[in-house]
């Protein structure tokens, strides 16, 4: 296989390589020390009012969520016209969306619901895929230090993936949960929706409720565990080999491969949860 | 080191090791079954290898969820608390 690089590609790749070497020299000269205590900690910001449930935010999650949304919106607005004979990028996009559309079409047998469910599933898939892939690229991140405040790391850690925060995943799973019941009410009517909780016999009601609530919890925890566990594993194995070559492959495996698979699984389960309720 | 602190460390390390070790049994068995069945199906119908591989990876990723839970719990015991 022959790879053709344009001049701008060469400049881009060369600057990344130069940045790596500069960071390596910086790390070696300043004696960077890595402590395993505090690996799972986040930069948490206390809002000025109260100590209640909604009084603390994770600034990195908010920054990165908005950055990824802005990136996606920017890429979408860059597209002028879809051509009949697709180019490379358009073919990739069409292949991804067609795959999701086929998944939805195979599992939903009410025709009028295929399009709205496809919109939800494709939006979830693109956002989670983008954030998981960003979580595998080395970049800028902020970690807390003792006694308040935070430290900014450049290129020695990956970008902060918003899906490695449980709050983000619970929000996505809760969204799927609410949407699935909204679709169920629309498809079955209110009475049959209520009645579906008392099937097959009336005293199974608590079991049905627990089953419904367990769905978003396991849905959220699956994505959270994979992304955050992968991130911590990367840090620890990278620490064991003193950041020598191995982190690149770990970023590739845990970020790109597992990230893509987990995004696909989140989408497939969302489609399955929605389509199992509207039948 | 006080004896209380030592007991706490003992509990932490024992708990994390047990959580990961016992939690890895189930996903191991599950993924083994998925792989075995996929291999059987591939041997029977070699023309479906492409589809079967994707489905196998998906089923593997779902089966390993409980193992990932115990991994997160072990990390939380070791590093966060």
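The values are calculated or read from the model by the stated rules, or taken from the named source; none is laboratory data. What you are looking at is a predicted structure, and each value in this text was computed from that prediction instead of being measured. With ideal geometry, Cβ positions are generated from the backbone for all residues, glycine too; neighbour counts draw on all protein chains shown.
The condition (being surrounded by 12 or more Cβ atoms within 10 Å (Cβ to Cβ), more than 14 Å from chain A (Cβ to nearest Cβ) and at pLDDT 85 or above) is satisfied by just one residue among B:52, B:7: B:52.
So, residue B:33, is that one surrounded by fewer than 15 Cβ atoms within 10 Å (Cβ to Cβ) and within 12 Å of another protein chain (Cβ to nearest Cβ) or not? No.
Counted as qualifying within chain B are the helices (runs of 4 or more DSSP H) with 2 or more residues that are more than 22 Å from the chain's Cα centre (by Cα), namely B:3-23, B:25-44, B:49-63.
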